[in-house]
1. Quick one: compute the contact order of region 101-205, relative version, from alpha carbon pairs under 8 angstrom and 6+ residues apart, as a percent.
2. Just going by the charge dipole of the chain, with Lys and Arg at +1 and Asp and Glu at -1 on Cβ, which of Leu53, Thr318, Thr393 is farthest out on the positive end?
3. Using only alpha carbons, build the gyration tensor for region 278-452 and give me the equivalent ellipsoid semi-axes, biggest first, whole Å.
4. Using helices alone, what [θ] at 222 nm do you get for the chain, with -39,500 (n - 2.57) per DSSP H run of 4 or more residues, divided over all residues and rounded to the nearest 500?
5. Where does helix 191-207 land angle-wise versus the long Cα axis of the chain, in degrees 0 to 90, nearest 10?
6. What per residue convex hull volume, in Å³, comes out for region 345-396 when only alpha-carbon positions are used?
7. Tell me which lysines have Cα within less than 23 Å of Lys279's Cα, excluding those fewer than 8 residues away on the same chain?
8. What nm distance separates the two modelled labels at Arg85 and Asp208, each placed 7 Å from Cα along Cα→Cβ?
Amino acid sequence: MTVTIVGSQLGDEGKGALVDRWGGDADVVVRYQGGDNAGHTVVEGGEEYKLSLVPSGAVRGTIGVLGNGCVVNPRTLFSEIDGLRERGLDPDVRVARRAHVILPYHRVLDGIEEAGKADDDSGVEVGTTGRGIGPTYEDKAGRRGVRIGDLLDPDVLRDRLEYAVSHNRAVAEGVYGLDVSDSEHAEAFDVDALFEEFSKVGERLADDGMTVNCSDFLHRRREAGDRILFEGAQGTSIDVDHGNYPFVTSSNPTAGGAAVGSGLGVTTVGSGEVVGIVKAYLSRVGAGPMPTELDGDDREESLADDIREKGGEFGTVTGRPRRIGWLDLPMLRHASRVSGFTGVAINHVDVLAGLEELRVCVGYELDGERIDTVPTTTQRWERCEPVYREFDTWSEVDWTAVAAEGYEALPEATRTYVEFVAEETDAAVYAVGVGPDREETIELANPFETSDA
Ligand code: IMP
């Protein structure tokens, strides 16, 4: 039985809270794409854990797997594992030997490419997290990447590094004019220094028995009757194939990524549940169109400021303030189709309490035509004017008490809003988030209980 959790919007939908909640019913939690660009905050008994790579389930003692579709920065991996240990937890994390390694030069390249785009004012700066995600996936597709399995064999590691470093150094120098040996980044391109550090990483991974053949490992666990939860990172609109290209991340957060990025078949993933996580409004960190953005005038900007403050809308990884907008249904319809949602969880409805007005974008006007899904090009999306439907607002209530009582205790206007979203995405409501703590999620159905896969 599998449950796949997918971000329906632009990332930061509050997936961590649901992964954490349902991860407790899983035996294995698998990340299938991305790397330490993800930021998951898990609150457990008043304790807050900020994780960017280790699967959130680790807070609960579930086995966490970083699948072959992930890009893994070993420095982040060990610092998060060590940090959790210092706080008394004992995370069991396995890493696919086919996953790719983020090396220090990938971060340097991420930074200089973004800086170059910003300098020439071309408008193509993505606003990446600077974690080296794009350059690592580029090396993977370019067949010059270093995989976790390569770290375990010093001869192979040296060979891979010799080739990859010379290529990436040539790019840094030739394309970006970086004088590598004379810069603060010299070590990042030094084969000997890299070999020294990363062969030790390989030793620690081997000593701790952390590496797995992901497909085989998960297949066996499934045969043994284990429940597997796939933890998507980022969101549909920044998927490299289905998102707002080029303002995207370099992997597939959508549900198909769970099969490719783990080595379990599409029939296995598809016969389980696929739950889209929706934030009750929209936030975006990084560049790109956002038709419903609240930035038109002072009143909208002050509304965005209020929502940002109340919702804590600052990047978990970068601390950047997030852009804020009304809920965008064309995005959600697209997300539901691409991943095949069976259910949705709608988060942060508490943040919208007490507003004077509440709007949902139900379609767009594009060049005089009404459309109901996201156009395929950024240029067309940029020209879209949102068509809004007004909703009744709801007042501030004691959300903890509401969460304890259950769905029927939600204000009627909130239920109308939630049910409208579910209807438009053609999926059942599985949960409603009314606050950050695990107890502040109202569960209508547990996908592990509804799935007979
Ligand atoms: P990258 O993944 O660091 O290459 O960044 C590419 C784009 O994805 C940028 O717009 C980032 O802000 C965005 N992004 C990456 N990870 C996340 C995330 O976890 N939440 C929200 N946006 C993200």
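Computed from the coordinates by the stated procedures, all read-outs in this text should not be read as laboratory data. Model, not experiment: these values are computed from the prediction. All Cβ positions, glycine included, derive from the backbone under ideal geometry; neighbour counts span all protein chains shown.
1. Averaging sequence separation for qualifying contacts and normalising by length gives 29 percent for region 101-205.
2. The residue sitting most towards the positive pole is Leu53.
3. 26, 20, 16
4. Values: 15 runs with 156 residues, N = 453.
After summing the helix terms and dividing by residue count, I get -10000 deg cm²/dmol.
5. 70
6. Values: hull volume 5.8 nm³, N = 52.
Spread over its residues, the Cα hull of region 345-396 gives 111 Å³ apiece.
7. Within the straight-line cut-off, Lys279 pairs with Lys15, Lys50, Lys310.
8. 0.6
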